[in-house]
Every structure is written in C-alpha cells, then in structure tokens.
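Colleague: The following block contains the structure, expressed as structure tokens.
The values are calculated or read from the model by the stated rules, or taken from the named source; none is laboratory data. Just so it is clear, the model here is predicted, and its values are computed rather than measured. Positions of Cβ are generated from backbone atoms using ideal geometry, with glycine treated the same way; all protein chains shown enter the neighbour counts.
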Amino acid sequence: MISLKNRFHGHGSLRYVYSNGKTIRGPLCAIKYAENKRRKEYRLAIVVSKKVSKSAVVRNRIRRRLYEAFRLEAPNMKGVNDLVVTVFSEQLATIPADEITKMVHAQLKQAKVI
C-alpha cells in the first residue's frame, strides 16, 4: 500500500485532475495525470466502479493490486504529479502481479511520468 500522504483526500482534489489532466488509455485501465507544483510528492487515486464488478471484495482486490504496482514504480517517478487511475476490466483481479506492474510501467513511461 502507498502511504496516506500519497493519496487524494476529498473529491475536490480529483476535480483538478479530471478537468486539466491528460489521459493515457490502456487495455484494462486509463491513467489521467496532471502536474502539481504545489506538492512535494505524487498523489494517486484508483477508481473502480460497480460496473467493473458488483462485488466489493473484487473491487478492493483490484485497488490493492494497483496501489502495490504504483508503490513499486514510485522511486522512478520524476516530477510531482497527481494521478487518477480508472479501471475498465475485472481481469485486473486475476492476472499475475508482474503483468500489472509491466502494464503500469508502460503507461507511466508513455505519459513521461517516469
């Protein structure tokens, strides 16, 4: 898990990223990012709607697995960015963790965040 200082607090914080951010879309999720010069560390939010899975257990598993993949990529991040990950597929609950990490790495590299 990532620490509390790297998480968003409140919906108002997300609004800035949704309105001013750029999007990198992948097969299973999309990353919306915006640079935030007022902060010292990156912030991350993962959005998994009920359309992905009706089960809260599955949605939370997806969220935990993505948080871990981003935690592993955190030392490579350059600059301070606000990141919002929107999940499209329930497959993230079952695919191997190293594939999730590779997917996250590729999307962050495409966004020039790492």
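For (1) of a type in the set (F, W, Y); (2) modelled with pLDDT of 95 or more; (3) at positive phi, each residue gets a yes or a no:
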site: Y18; (1), (2), (3): yes, no, no
site: L66; (1), (2), (3): no, yes, no
site: H105; (1), (2), (3): no, yes, no
site: K112; (1), (2), (3): no, no, yes
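Colleague: Given V58, V48, which one is at pLDDT 95 or above, surrounded by 12 or more Cβ atoms within 10 Å (Cβ to Cβ) and over 12 Å from the mean Cα position of the chain (by Cα)? Spell out the reasoning first.
Modeller: Numbers: V48 fails: over 12 Å from the mean Cα position of the chain (by Cα).
Just one listed residue meets the conditions, V58.
Colleague: Here is a further query. Conditions first: (1) under 23 Å from G21 (Cα atoms); (2) touching a residue at least 40 places away in the same chain (Cβ under 8 Å); (3) assigned to a helix (DSSP H, G or I). T86 passes all but one, so which condition is the exception?
Modeller: Every listed condition holds for T86 apart from (3).
Colleague: Now, a different point. Collect the residues in region 13-36 that are charged (D, E, K, R) and out of contact with any Ser or Thr (no Cβ under 7 Å at 6 or more places or on another chain), keeping them in residue-number order. Before the answer, list the steps.
Modeller: Our first condition is that a residue be charged (D, E, K, R); within region 13-36, this holds for 15, 22, 25, 32, 35.
Passing the criteria: R15, K22, R25, E35.
Colleague: Also: What's the number of the condition A74 fails, among (1) in contact with a Ser or Thr (Cβ under 8 Å, 6 or more places away or on another chain); (2) over 20 Å from K51 (Cβ atoms)?
Modeller: (1)
Colleague: Is there a residue being surrounded by 13 or more Cβ atoms within 10 Å (Cβ to Cβ) and touching a Phe, Trp or Tyr at 6+ places or on another chain (Cβ under 8 Å) anywhere in region 64-77?
Modeller: Yes, region 64-77 contains at least one residue that is surrounded by 13 or more Cβ atoms within 10 Å (Cβ to Cβ) and touching a Phe, Trp or Tyr at 6+ places or on another chain (Cβ under 8 Å).
Colleague: Scan region 78-96 for residues that are surrounded by fewer than 13 Cβ atoms within 10 Å (Cβ to Cβ) and on the phi < 0 side of the Ramachandran plot and jot them down. Working first, answer last.
Modeller: In the first step, residues of region 78-96 are kept if they are surrounded by fewer than 13 Cβ atoms within 10 Å (Cβ to Cβ); the result is 78-79, 94, 96.
Hits for region 78-96 are K78, T94, P96.
Colleague: If you scan region 42-58, which residues turn out to be under 12 Å from F8 (Cβ atoms) and not hydrophobic (A, V, I, L, M, F, W, C)? Break it down into steps so the answer makes sense when it comes.
Modeller: First, pick out the residues of region 42-58 that are under 12 Å from F8 (Cβ atoms): 42-47.
Result: Y42, R43.
Colleague: Quick check on my filter: what residues within region 1-44 are of a type in the set (A, V, I, L, M) and in contact with a helix residue (DSSP H, G or I) (Cβ under 6 Å, 6 or more places away or on another chain)?
Modeller: M1, I2, I24, L28, I31, A34, L44, listed by residue number.
Colleague: Moving on. Inspect all residues belonging to region 97-104 and state whether any of them is out of contact with any Ser or Thr (no Cβ under 9 Å at 6 or more places or on another chain), surrounded by fewer than 18 Cβ atoms within 10 Å (Cβ to Cβ) and of a type in the set (A, V, I, L, M, F, W, C).
Modeller: Yes, region 97-104 contains at least one residue that is out of contact with any Ser or Thr (no Cβ under 9 Å at 6 or more places or on another chain), surrounded by fewer than 18 Cβ atoms within 10 Å (Cβ to Cβ) and of a type in the set (A, V, I, L, M, F, W, C).
Colleague: Just one of (1) of a type outside the set (A, V, I, L, M, F, W, C); (2) in contact (Cβ under 8 Å) with a residue 40 or more places away in the chain; (3) surrounded by 13 or more Cβ atoms within 10 Å (Cβ to Cβ) trips up K37, so point out which.
Modeller: If we test K37 against (1) of a type outside the set (A, V, I, L, M, F, W, C); (2) in contact (Cβ under 8 Å) with a residue 40 or more places away in the chain; (3) surrounded by 13 or more Cβ atoms within 10 Å (Cβ to Cβ), just (3) comes out false.
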